Amino acid sequence: MILASLLTFATAALAFDCSDKELERYNFESIKGVHSYTTLKNTPPSQTNVTWNVGICQPISAIKDCPANSDICGVTSILRKDEKPVVSEVVSFKSDLQKTYESSDNGIKVIYKGANWGDVLVNAELNFQCDKDSQNNEFTLDQWDGTNLKLSMKTKAACITSKEDKKMVHLDIYLFGVVFKHLHNWWCLVSIQ
C-alpha cells in the first residue's frame, strides 16, 4: 500500500529554486521558465484582464509591472477601446518570502504566506499534480478571492523522479543532438554530390 501521508517542509531559501532539497525528487528543470495564466472579463464599459505569472526555477524579472525578484506576480489591467491599458492592481510574492512545501504521492504544493499587498496579507498555493501523460504544463486558476491565490498545474515534472531518470532525460537530449548533427552532415555531403 502506498503511504499517502503528507510531509511538510519549510524553507527560507531564495526563489522557487529547483535545487532546493525538498524539490530534489521532482524534475521541475524540465518546465523551467515563467508560466502565465490570464483571465479576461467583460466589465462594461471596459474589460478586466488579470494575468498571473509564475517563475519556476527562476524569479520573474522581465515582465512589465512586476517587481523584480518575484516568484509570483499578478497584474490586473483595465482595457478600454482605443485607449492604453490602465494597471489597477499588482500582487507580488517576492522570492525571499518563506515557502512551505507539502509533498505527497500525487505531487507537491508550494505555499507562500503573508505577502504584503496594501493593507492586507495575501497567500498563494501552487499545486503541482503528477500527470505522467501531461504535455501542456499550463496553470489553471482554482481561486483568487483577494486574499488567497490557488493555481494548479498537471505535469510530469511533479511526478517523483529518480536521479537516474533525470540523467536519462539529459542523455536523450544529448543523443538526439548527436544523431541530428550526423544526419545533417550526411545530408550536406549527399546534396553536394
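The values are calculated or read from the model by the stated rules, or taken from the named source; none is laboratory data. Small disclaimer: the values here were computed from a predicted structure and weren't measured. Reconstructed Cβ throughout: ideal geometry from the backbone, glycine too, with neighbour counts over all protein chains shown. In case anyone asks, the SASA skips ligands and DNA or RNA and just uses the protein heavy atoms, side chains included. Shrake-Rupley method; radii C 1.70, N 1.55, O 1.52, S 1.80 Å.
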TODO: Any residue in the stretch 54-79 that's under 18 Å from residue 17 (Cβ atoms): show its pairings with residues that are in a loop (DSSP other than H, G, I, E, B) and of a type in the set (Lys, Arg) at Cβ separation under 8 Å, as long as the two are six or more apart or on different chains.
DONE: 56/32; 57/32; 58/32
Open item on the list: open to solvent by 50 Å² or more (accessible area, probe 1.4 Å), at pLDDT 95 or above and within 30 Å of residue 157 (Cα to Cα): which single residue out of 64, 109, 94 fits that description?
Closed with: 109
Task: Scope the stretch 124-153; condition crowded, with 19+ Cβ neighbours inside 10 Å and either over 18 Å from residue 71 (Cα atoms) or of a type in the set (D, E, K, R) (or both); matching residues - done: 130
